[in-house]
Amino acid sequence: MEYEAVIGLETHVQLKTRSKMWCGCANQFGAPPNTHVCPVCLGLPGVLPVVNDEALRLTALTGLMLNSKISAHAKFDRKNYFYPDSAKNYQITQYDRPSTEGGWFEFEYDGAGSLDGLARVKITRAHLEEDVGKNVHFDRFSGVDFNRAGVPLLEIVSEPDLTSSAMAYEYLTSLTAALVREGVSDCDMEKGMVRCDVNVSVRPKGSQKLGAKVEIKNMNTFSGVRRALDYEIPRQMAVVAAGGAIPQETRRWDELAGITETMRSKEDAHDYRYFPEPDLMPFVPVDEWMNSVRSRLVEMPLALKKRLIREYGIPAGDAEVLTNDWPLADYFERAVRGAKNSKGVANWVINNLRARLVQRGCGLEDMRFPISGIGELVELVDSGRVSSKIAQEVFEQMFERGESPAAIVEHKGLSQVSDVGAIEEFCREVIVGNPKSAEDFRAGKPAALNFLKGQVMKLSKGKANPGMAGAVLERLLRG
């Protein structure tokens, strides 16, 4: 019997706010332990939480991005459990009335479960809660850093629509790219801003009944999610194929050993004794508030990539590069206005401008030449006024001096030579000076022509029209 995997993901994302969820303490990574704390985040008796409005807005913004329904009546609940990193012994979260419900997320994926290179995963909900502190383990003892406690945390829960480790990886990568683009989170995994719980089961292929769910807890890298699933799915299939049963449990991923291990039996919702948070009123978003959130929506990476290909006719690879660098994509769209050759502009922006920015350690805001400069440079090459080699020199001058390409070509005398008579003089001189290469071409060695053409370009200091130089050389040599 063949088996298939069924995977759902719970993605926990720290929201990009200046302060924590319930208090004014800074939401800032890297501070000395327990310096961004107050009685509220430490759960001291008698304190009252106050909701962070920006966290509510970012949650609604994410819901709009995920095509979700924004709840007209959301509330917070207490999820009761004891862990050393939870000072209150409960977590304030959303249970039965979350801020967003339903929705879907579409991303590029060319594998099982995709259509025309796209996959769509349904979203169960995205609910708002608070993060906990961080346990720090030493040789003989452990400590707790509560700087992270109370940081706004958004949990995005997918339906079990994922079918492989590769699909899960692409979903997570695309989802976090969209969240960064929308300004919801920086999604810096090295700073713990994104973690993921993986729910996976197996069942006979074609069956609609779900198998027993295993949760792999607190994955902090997407590559780790992929490797954990590559281990866990075959493990479950082997157990079921041998007639065994998979218990519902929570497991941990051992990165060094490359295996998952049992942590505990899986809890049910009633184990947490949820009840409404008595210190917080329900949240009812009004139209004016929702309209202000809706105005913050921006174009998503997948939509941007499709549009760049459609509107400018650039290759998918170039569109991918621009999509992954939004400031560069914006610069390209401004630079290409009025240009005849959008592919040429994209090539210069991606391969020349970007490389020079990295080399110099500067940003697009430091550019001295006009935004139309690259389009003008491409036009100079396409019209034959300058060669591709001279264009590189012109670009260097543009970058250094901030002048337009036409002005540089004019005052430096860099215009390409397209006069047949002048090019013929260069060609005759090269043929006389390189008799062996001339004889090689006449003897049927076409590579010799490229050498001779290179000598013409060298003699003309790169100004000769290379196409015309090749044609004239061939005519003289055959004549």
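The values are calculated or read from the model by the stated rules, or taken from the named source; none is laboratory data. Keep in mind that what you see is a predicted model, and the values were worked out from it rather than measured. Quick reminder, even Gly has a Cβ in these numbers, built from the backbone with ideal geometry, and neighbours come from all protein chains shown.
Figures for the structure shown
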| read-out | value |
| --- | --- |
| Failed item, numbered, when H270 is tested on (1) at pLDDT below 95; (2) more than 30 Å from K75 (Cα to Cα) | (2) |
| Residues satisfying the stated conditions in region 293-333, i.e. touching a residue at least 24 places away in the same chain (Cβ under 8 Å), surrounded by fewer than 18 Cβ atoms within 10 Å (Cβ to Cβ) and β-branched (V, I, T) | V298 |
| Output for region 38-75, where each listed residue is in contact with a strand residue (DSSP E or B) (Cβ under 9 Å, 6 or more places away or on another chain) and over 29 Å from R296 (Cβ atoms) | G43 |
| Cβ pairs under 8 Å, 6+ apart, first in region 388-413 and over 24 Å from G361 (Cα atoms), second of a type in the set (G, A, S) and buried (at least 17 other Cβ atoms within 10 Å of the Cβ) | K389/G462; I390/G462 |
| Extreme residue, surrounded by the fewest Cβ atoms within 10 Å (Cβ to Cβ), among residues of region 57-113 that are aliphatic (A, V, I, L, M) and farther than 30 Å from M167 by Cβ | A72 |
| Complete set of residues in region 202-215 that are assigned to a loop (DSSP other than H, G, I, E, B), aliphatic (A, V, I, L, M) and either under 30 Å from K134 (Cβ atoms) or in contact with a helix residue (DSSP H, G or I) (Cβ under 9 Å, 6 or more places away or on another chain) (or both) | A212 |
| Candidate set: region 334-371, residues that are over 21 Å from P315 (Cβ atoms) and in contact (Cβ under 8 Å) with a residue 40 or more places away in the chain; chosen: the one surrounded by the most Cβ atoms within 10 Å (Cβ to Cβ) | R356 |
| Any hit, region 240-255, residues being assigned to a helix (DSSP H, G or I), surrounded by 12 or more Cβ atoms within 10 Å (Cβ to Cβ) and among the aliphatic types (A, V, I, L, M) | yes |
| Residue within region 56-67 that is of a type in the set (V, I, T), touching a residue at least 24 places away in the same chain (Cβ under 8 Å), assigned to a strand (DSSP E or B) and farther than 19 Å from P278 by Cα present | no |
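Every residue, every condition in (1) modelled with pLDDT of 95 or more; (2) more than 26 Å from T100 (Cβ to Cβ), yes or no:
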| residue | (1), (2) |
| --- | --- |
| L9 | yes, no |
| H12 | yes, no |
| T17 | yes, no |
| A31 | yes, yes |
| G43 | no, yes |
| V50 | yes, no |
| D53 | yes, no |
| L58 | yes, no |
| G63 | yes, no |
